Amino acid sequence: MDRLQGLLDAVVAISREVELPAVLNRIVTTAMDLVGARYGALGVLNDSGEYLEQFIAAGLSEQERAALAETGLPRGAGVLGHVIRHPEPLRVDDISAHPASAGFPPGHPRLRTLLGVAISVRGKIYGDLYLSERHDGQPFDAHDEEIVVALASAAGIAIENVRLFERVRVAAEQFQRLLLPTLPDLRPFTAAAIYRPAAEPSQLGGDWYDAIPLPDNVVAVVIGDVVGHDLRAAAAMASTRNMLRALLFDRSSPPGAILTQLDHALQTITNNPLTTTTLARIEPEGPGWRLRWSAAGHVPPLLLTPELRAEYLIAEPGLPLGVDPEMPRPDHSHFLPPGATVVFFTDGLVEHPDHSIDESLNELADLATVYGALPLQEFVQALADHHPSDGHDDMAILALRTPHA
């Protein structure tokens, strides 16, 4: 009964994992726990099933791992190869006495006993689970074999589920990227943008950016973040972006008024979740340019001067979209000299559970000064590569540089 309960607990634990490496490691360590094995491994076969393309081992000491690091993957010889060629369960009381035994590579612990069980996914052998050396010194018995065979059946289902999940996640991420625009020709300005999904595979998001050239050398820029981490957030991002694009062609309205119009439209015809955004216009003024913007609960833009001094354009942000469309939205402005760079970004670039938001913003400003002399696409790439966040959320960056005098 204890073993049965342990098996049930193991199946539940494996099924909770949503990343394939975690599932494979959990299968090995769980099998070791169920039969009291000192060593465990899972060899994943290539598509043809002829050799191992991945080998996950557990129970090795750091010294043993270091000694085996240069030997590479097992080549499918010896008893391991026998299990690959003959996928029925195998129990061996003395590996050295088995007809297929080929010895161990240098640095490998000398093992005596083995229990090998194949794992199938959708009727095809996916890999083989190997266990060795019970802690009590006894060889593996029929009860050990039964429980590991049962675990292998559940493991095959868990592997298939996580592979299906990964395909759905990749398709959803591709869908989300397709919703993001290719930046148009914004001359006389230069612009660059980048999007990065969350590090956690299950965490899709609703971050987006956009830029639209308007008459008279005016450019409208937007950065936004729909609350949520799923396909609904991505779909809401698309509808919000498209509505805002239509409203942006009303050139007579300041950004705050356009955001108010957008908020009313969203409240009337959608049930989109809360959204933070910054909408800006850059227009000619004297020897430089005038940045006019309004924010809906969004992080402030970062200004990098031609001398590579960084400052945040901190101003009243207003409420996120979807809270109260009747609340007035303040507009702000700032003069931009020739050669200035304005960085619009989402909070995924700076959020870290172990750091205050001020610390992360300061770190981002420092990064901007370090990489600010780079061409704009390389600049946003550097910010995305060295960001101060923990990567739990997706992130978007859009940078715009005014023409040099």
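The values are calculated or read from the model by the stated rules, or taken from the named source; none is laboratory data. It should be emphasised that the depicted structure is a prediction, and the values quoted were computed from it without experimental measurement. Counting neighbours? That spans all protein chains shown, and the Cβs are built from the backbone with ideal geometry, glycine included. Ligands, DNA and RNA are excluded from the accessible area calculation, which covers all protein heavy atoms including side chains. Shrake-Rupley method; radii C 1.70, N 1.55, O 1.52, S 1.80 Å.
If you take the residues of the range 349-374 that are surrounded by fewer than 17 Cβ atoms within 10 Å (Cβ to Cβ) and in contact with a Leu (Cβ under 8 Å, 6 or more places away or on another chain), which of them is farthest from His387 (Cα to Cα)? Out of the qualifying residues, it is Ala373.
From the residues in the range 84-131 that are aromatic (Phe, Trp, Tyr) and at pLDDT 85 or above, which one is surrounded by the fewest Cβ atoms within 10 Å (Cβ to Cβ)? Walk me through how you get there before you give the answer.
Start the filter on the range 84-131 by keeping residues that are aromatic (Phe, Trp, Tyr), which leaves 104, 126, 130.
Now drop any that are not at pLDDT 85 or above, which leaves 126, 130.
Numbers: Tyr126: 21, Tyr130: 25.
By that ranking, first place goes to Tyr126.
Output the residue which, of all residues in the range 129-152 that are among the acidic types (Asp, Glu) and not in a loop (DSSP other than H, G, I, E, B), is farthest from Ala37 (Cα to Cα).
So, considering only residues that are among the acidic types (Asp, Glu) and not in a loop (DSSP other than H, G, I, E, B), the one farthest from Ala37 (Cα to Cα) is Glu146.
Comparison of Pro338, Pro325 shows that the only residue that is in contact (Cβ under 8 Å) with a residue 60 or more places away in the chain, touching a helix residue (DSSP H, G or I) at 6+ places or on another chain (Cβ under 7 Å), part of a loop (DSSP other than H, G, I, E, B) and open to solvent by less than 60 Å² (accessible area, probe 1.4 Å) is Pro325.
Mind telling me which of the residues Pro306, Pro301 ends up being touching a Ser or Thr at 6+ places or on another chain (Cβ under 8 Å) and either at pLDDT below 95 or open to solvent by less than 30 Å² (accessible area, probe 1.4 Å) (or both)?
On the way: Pro306 fails: touching a Ser or Thr at 6+ places or on another chain (Cβ under 8 Å).
Exactly one residue qualifies, and that residue is Pro301.
Residues in the range 303-334 that are of a type in the set (Phe, Trp, Tyr) and touching an Asp or Glu at 6+ places or on another chain (Cβ under 7 Å): none. Only one entry in Ala396, Ala315, Ala382 is aliphatic (A, V, I, L, M) and assigned to a loop (DSSP other than H, G, I, E, B), namely Ala315. Number of residues in the range 309-322 that are more than 10 Å from Ala295 (Cβ to Cβ), in contact with a Pro (Cβ under 8 Å, 6 or more places away or on another chain) and crowded, with 16+ Cβ neighbours inside 10 Å equals 1.
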